[in-house]
Every structure is written in C-alpha cells, then in structure tokens.
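Derivation of every value follows stated rules applied to the coordinates shown; laboratory data play no part. Here the structure is a predicted model, which means the values were calculated and not measured. Heads up, the Cβs are rebuilt from the backbone with ideal geometry, glycines too, and the neighbour counts pull from every protein chain shown.
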Amino acid sequence: MCNNIKIDGEAVEFVQGDTILQAAERAGKGHLIPRYCYHPGLPIAGTCRMCTVEVEKMPKLMTACSTIATDGMVVNTKSERVLKSRAGVMEFLLTNHPLDCPVCDKAGECELQDNNYRYGPVTSSFLEEKRVYSKAATKKLSPNITLNMNRCVHCERCVRFTEEVVKSCDLMMINRGWHKELTLSDEKLGLTSNYQGCLSDICPVGAHTFNDFRFKKRSWFLEQYPSVCDRCSKGCNISVHSENGVVYRFKPHYNEKVNGHWICDEGRLSYHQVMDATRIVKPLLAHEGSLKSTSWELAGAAVNYLITSASKVKVVIGTDATNEEMKYIQASLPDKFGKKFEFSSYCGYGEDKKLDHMLMMKDKTPNSNGASACKLNHLDGDLVGDCDVAILIRYGRSGVPQVKNCKKIIIIGVWTQKEIGSFGTNVEVVLPGLATTEKSGTYINCDGVSQNFSPAIAHLGEGLAVNSIISFFKK
Amino acid sequence: MATKTVNVSKPYTWSEKIYLLAIVQGLLITLKHFINGFFLRKHNTIMYPEVRREYSDRFRGAHFISIDRNKTENCTACYLCQTVCPAECITIVAGERESAHNPDGVKKEKQPVKFDIDALRCCFCGFCEEACPKDAIKLSGKYEMAITSREEAKYDLVYLKREVKGRG
C-alpha cells in the first residue's frame with residue numbers, strides 16, 4: 001500500500017503513525033507549518049493552535065502536530081483561512097508578550113519573532129494593559145536558569161520536558177487562562193535535573209534563559225559549527241557558538257544515534273575549560289628552575305636531546321586524544337628515535353557506567369574505546385615511573401597521572417598551570433596542543449559509535465596539532 | 001582592433017595667449033570683495049568663539065546617552081547600534097543591573113557595563129540613533145570635538161551619560 005498525503009498540491013510519503021507535521025518534516029516541508037508546543041523530542045500536546053492547517057473534507061482547521069496522517073489526505077498550509085487563523089493566534093500571543101526583545105537573550109533565534117515576521121498581524125487590536133507577573137518577572141529557578149514569566153507563551157514544552165524526558169517533574173502550570181503561571185513543583189528544591197540548559201533551548205521564546213549565557217552576547221553575532229562534546233564517553237553532538245575564536249556556548253546538535261536533542265549541563269559548560277585563562281598556549285622550556293616561554297624550534301631541540309640521551313621512555317596518552325593522534329604518536333616516535341618507547345593510555349575515572357537514564361557517563365573522557373581500538377593498554381594504577389623520560393599527552397579531559405622515579409617529564413596537549421604545577425620542577429618541556437573544538441579527528445563513544453569532527457573554532461594561542469609538534473623533534 | 005586617438009584640445013587664441021583680459025577679470029573680483037568688506041562691512045567670517053553659528057536641529061555632533069528621572073541611562077545594551085554601525089566604532093559589554101539600584105525592575109535589568117565609542121572611527125552617520133529601540137543613544141548638536149590625544153577620542157559611559165538639554 002502506498003502511503004501518500006498531499007501538502008500544498010505535492011505528494012508526500014509518510015510512515016504509518018506519522019502526524020501531518022511529522023510527514024511534512026520528513027519531506028523537508030516543515031518550514032511551511034509554524035509551531036510552538038510541538039517539539040520532535042517531546043510528546044505531542046496540541047495546545048498552541050499555531051500549526052493548524054486546512055484538511056479537505058474536514059469542517060474545521062486541524063492541528064498538524066496531532067492529526068494522524070491517513071492515505072489520500074489533502075492538506076493546505078497556505079489557504080486564506082489558515083493564514084487568518086495564524087494571524088489570530090499570533091495576535092493573541094502578543095497581547096501579553098512584553099516585546100522586550102532588546103533586553104531578551106532569545107532575540108534573533110526566537111520562534112515568536114520569526115513567526116510574527118512571517119504570519120503575524122501588523123497591528124494589534126488589544127488596547128488594554130498587558131498582564132504582568134510581578135512576582136515571576138525575573139526569577140532564578142536554579143543557579144543555571146532564570147525564568148521571565150512575562151515572556152512565556154504557555155506552550156508547556158518545559159513542563160513536558162521535565163515530566164517525560166528527564167522525569168524530574170520540577171515544573172508545573174498553576175491557575176488557568178489569563179492567570180496561568182509556570183511554577184516550580186517544590187520552591188525549596190528548585191530545578192533538580194542535570195539537563196537544565198535544554199529548557200532554554202526548547203523554550204520558543206525567552207522565558208527560560210541560561211544564566212551562563214545571559215547577557216553575554218546577542219545570538220546573531222555567533223558563528224555555529226558542529227563538533228563533538230568531549231566531557232564524557234557519550235560523545236554528544238554539539239554545535240559550537242563562537243565569535244572571533246571565543247566560544248560563548250555549546251548547544252546540542254540532533255543525532256538520533258547518540259544524544260537525540262539533548263546535552264547535559266556539565267557538557268554544556270565544559271567550554272570554560274577550553275577558554276580557561278590559565279591554559280598554556282605557548283611552548284615552555286625549563287630554564288634555571290622555572291618554565292620560560294620559548295620558540296617551537298628550541299623546544300623541539302630540547303625534546304630531541306632528552307629522548308636521544310634516554311634509554312627508556314614511557315609515553316602516556318590520555319583517553320581524550322583522537323584515534324588519529326594515538327595512532328600517529330605510536331607510529332612516529334619509534335620511527336624517529338628507535339625502540340625505546342613504552343606506550344599506555346590513561347583515563348583516570350575508573351570503570352565506565354551510566355549515571356542516569358539519559359546521557360551522563362562516569363568516564364569523563366571521550367575516547368576510552370578508541371584507546372583500546374588503537375591497542376593501547378591502560379596504565380597500571382595511577383603511576384608512571386621507573387624510566388628516564390616520561391611523555392604525558394593529554395587534552396584537558398582525562399585525569400593527571402602521578403609520576404614517580406622519573407626526573408624528566410615532557411608535556412604535550414591541553415594543560416593548565418595548576419595541572420602542570422603538580423609535577424613540581426620535573427617538567428622539562430611543555431608543548432601546547434589543540435582541544436577538541438580546535439582540531440579534527442575521530443572519537444569512539446561508549447556505545448561504539450565512531451564519530452569524526454572538524455575544527456569548530458580557530459586556536460588563538462600557538463598550540464599545534466600533534467603531527468606538527470612531532471615534526472619539530474628532528475632525528 | 002586598432003585604437004584611434006583623437007586630440008580634442010584646441011590651441012589658444014591670440015587674445016587668450018596674452019592673459020590680459022583674465023588679469024583684469026581677476027582684479028575686478030578682488031575689487032568687489034574689497035568694497036564689500038571694507039566699505040559695505042559685509043563679512044563671511046564670524047568672530048568665533050565670541051560669536052557662534054546656529055546649526056540645524058538635525059546636526060549630528062558628539063554622542064550622548066539619554067538618562068531617565070533617576071539618572072539611569074536608558075540604554076539596555078541590546079547591541080543594535082553596535083550591529084548597525086558601519087564604522088564599527090561602538091563596543092558594548094552587557095551585564096545585569098543590581099536590583100538595589102534598579103527601581104524599574106525587569107525593564108532595566110540589563111545594563112551596559114561598558115559602552116565605548118571611538119569618535120575617531122565614527123563617521124557620524126546617525127544609524128545608531130535610528131536603530132536604538134530605547135531612544136538612548138543620540139547625536140547632540142555639540143560640534144567642538146577637538147582633542148589633544150587619541151585617548152580622549154574614546155567616549156566612555158561616564159562621558160556619554162552627561163546631561164544634555166534639548167539636543168545640546
């Protein structure tokens with residue numbers, strides 16, 4: 001049997017059980033139907049009435065998000081009745097919307113703004129005073145989320161998200177009609193889930209704003225590039241929002257196989273580590289008891305001297321390196337200096353397991369599975385020792401191993417001042433590398449999904465990719 | 001295709017060559033200005049700074065940010081002026097206003113922590129004034145903007161918030 005519906009005169013195939021909106025999305029015609037309460041990651045509510053379309057042989061306009069598509073349906077999304085209905089819905093939504101777009105962080109990516117430009121009435125026939133929630137005008141729901149109830153359009157996406165997706169049931173609507181208000185289920189507890197940032201993502205207006213991004217930047221300045229989150233072994237897909245090489249936020253990027261529509265707050269805030277002011281971005285060389293910044297050539301020559309004069313070198317690669325980096329290091333170092341290397345990987349978070357029913361994992365490094373795929377054995381205990389030179393390669397996510405009975409340490413990758421300080425005066429050379437958002441490569445996540453990514457931002461310091469770093473170690 | 005060059009300049013005539021007529025014409029103009037200035041007292045210059053010219057109300061001079069009755073700036077750091085500025089001379093850093101200094105509540109919760117205008121880059125087009133949704137940034141009638149160092153050309157929030165009557 002052929003499953004076909006007609007949308008604006010064009011035949012569209014659908015899967016049994018699809019609603020009209022889902023069928024339109026599947027055919028790439030989703031932009032024809034505006035919506036507020038519908039979100040692909042949430043159960044269907046059908047409350048906003050924005051997605052109404054005209055279906056032949058049905059007397060009234062139907063909500064596209066909740067009407068099941070049946071074979072032979074003829075749908076019209078542009079008829080005069082539909083446009084009039086949309087303009088009416090928009091006018092009703094705007095009666096109480098404060099229109100404080102200059103202050104609102106959502107401006108520029110706001111669905112209310114977009115839909116009003118496309119379908120809204122130019123004028124409003126509402127002359128009375130707007131409703132103002134004096135108590136919830138700006139209310140901190142948690143350290144992460146601020147609620148501005150005046151902007152809310154009562155789509156209840158956030159309520160359904162806490163009930164059905166994270167199952168924390170933190171939010172609920174009280175009262176009815178004009179007085180309808182979003183509140184916390186428990187004022188004392190506040191928001192309890194680890195996925196609070198998603199509330200500001202799914203909110204079609206600026207009612208929920210993420211405090212970390214609040215007032216930082218207007219959305220239209222930001223460039224968006226896809227990347228992979230390296231905060232845990234799940235490897236959620238993200239889009240990196242940056243301007244001039246400075247990251248302002250991470251947002252989830254839809255991937256059905258890995259993270260769906262969501263990412264956790266820990267991953268969302270992990271960009272701070274990439275942008276850390278104490279991160280070392282210049283090559284350093286030990287000189288008279290302290291580390292001084294130097295040129296790549298001098299640092300490379302120092303490494304060359306250290307390795308050639310040593311008889312046993314231990315290389316510890318953090319499980320936050322990409323597959324390509326692990327393979328390259330294992331192949332190129334013996335190629336240059338002969339067989340004196342002993343390679344191992346280091347994670348620092350123990351056995352991996354799920355921390356909740358959604359995405360969070362205990363292993364906070366992105367590529368533990370990749371390390372075993374590259375035939376790297378995990379370091380025994382947390383100790384590196386009994387060697388002439390230890391080379392520690394790490395990209396900001398894996399734990400810092402302890403070093404014993406080794407006076408010469410070469411450090412490569414993404415490190416902060418504090419992390420290097422733990423080795424005292426044993427550090428000889430520090431060679432800055434590129435973080436996940438700055439490089440390309442492949443990670444294998446906890447479920448065995450191999451994901452490759454490209455650079456999302458340009459590195460502002462002098463850090464280099466690992467193959468360029470090793471090219472300075474002349475034979 | 002070969003290009004054909006045509007000389008269109010004409011040779012001087014005999015009367016033009018001796019310049020006499022042109023010299024007399026020039027002296028007449030000088031004489032006219034001398035009579036106008038010395039005998040009839042008609043001047044084109046003014047005795048600045050004792051005497052000042054009146055400019056139109058639409059004149060676009062030094063910037064200012066309008067303030068409300070509490071002497072709080074009307075600017076809400078929406079970045080629209082920074083976005084529209086063709087010279088890229090405006091730099092804003094936004095922040096949250098402390099609730100203790102904010103009698104207007106949610107309307108003014110966002111404030112500019114830094115608002116710098118580089119007057120040397122500014123081309124006084126007035127786009128910022130047009131873009132501003134709060135009528136905060138305006139160009140005053142002040143035209144005396146001479147400075148002795150580049151640093152003075154950077155108008156900060158303290159300078160921009162000065163009290164300006166009318167259009168200044």
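Tabulated results
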quantity	calculated
Net lengthening on full extension, residue A:44/residue A:66 (0.36 nm per residue, minus Cα-Cα)	7.3 nm
Estimated distance in nm for a label pair at residue A:224 and residue A:474, the labels positioned 7 Å out from Cα along Cα-to-Cβ	4.8 nm
Debye, to nearest 20: dipole size of the stretch A:132-274, +1 on Lys, Arg Cβ, -1 on Asp, Glu Cβ	340 debye
Net charge dipole size for the stretch A:321-402 [Lys, Arg +1 and Asp, Glu -1 on Cβ; Debye, nearest 20]	200 debye
Net charge contributed by nearby residues that have their C-beta within less than 13 Å of residue A:282 (K/R +1, D/E -1)	+1
Table column - 3J(HN,Hα) (Hz), the stretch B:26-35, Karplus curve with 6.51, -1.76, 1.60, x for Gly and Pro	x, 5, 5, 5, 4, 4, 4, 5, 5, 5
Under Karplus coefficients 6.51, -1.76 and 1.60, residue-wise ³J(HN,Hα) of the stretch B:73-85 in Hz, glycine/proline x	5, 6, 5, 10, 6, 8, 6, 5, 5, 5, 5, 7, 4
Cross-link reach list, lysines versus residue A:257, counting only Cα pairs under 22 Å and skipping chain neighbours closer than eight places	A:167, A:234, A:353, A:354, A:362, A:364
Full-stretch length increase - residue B:121, residue B:47 - with 0.36 nm per residue and alpha-carbon distance subtracted	23.6 nm
Ranked A:201, A:8, criterion: other C-beta atoms within 10 Å, fewest first	A:8, A:201
Extension gain (nm, one decimal) between residue B:88 and residue B:30, 0.36 nm per residue minus Cα-Cα	16.2 nm
Least to most buried among B:43, A:97 (fewest other Cβ within 10 Å first)	B:43, A:97
Under-5 Å amide H pairs with residue B:95, H placed in peptide plane, nonlocal only	B:111, B:113
C-alpha center-to-center spacing [the stretch A:219-283, the stretch A:149-189] in angstrom	28 Å
Sequence-separation-based contact order of chain B, relative, with Cα cut under 8 Å and 6+ spacing, percent	25 percent
Where labels lie 7 Å past Cα in the beta-carbon direction, separation of residue A:6 and residue B:101 in nm	6.5 nm
Shape category assigned to the protein assembly as shown from the gyration tensor of Cα positions, a/c cut at 1.5	oblate
Percent RCO, i.e. relative contact order, over chain A, from Cα pairs under 8 Å lying at least 6 residues apart	12 percent
Span from the the stretch A:358-425 Cα centroid across to the the stretch A:307-354 one, whole angstrom	9 Å
Modelled FRET efficiency - R0 25 Å, residue A:335 with residue A:454, Cβ distances, 0.05 increments	0.40
For the stretch A:463-470, Karplus couplings with θ = phi - 60° (6.51, -1.76, 1.60), whole Hz, Gly/Pro x	x, 10, 5, 5, 5, 5, 5, 5
Förster radius 22 Å - calculated FRET efficiency between residue A:288 and residue A:418 (Cβ-Cβ, nearest 0.05)	0.50
For chain A, calculated [θ]222 nm from helices alone, where every DSSP H run of n ≥ 4 adds -39500 (n - 2.57)	-5500 deg cm²/dmol
Stretch in chain A that is longest and holds no GluC sites (Glu not before Pro) that DSSP places in a loop and that have at most 11 other beta carbons within 10 Å	A:352-475
Sorted by Cβ neighbour density within 10 Å, fewest at the top, the residues B:65, B:35	B:35, B:65
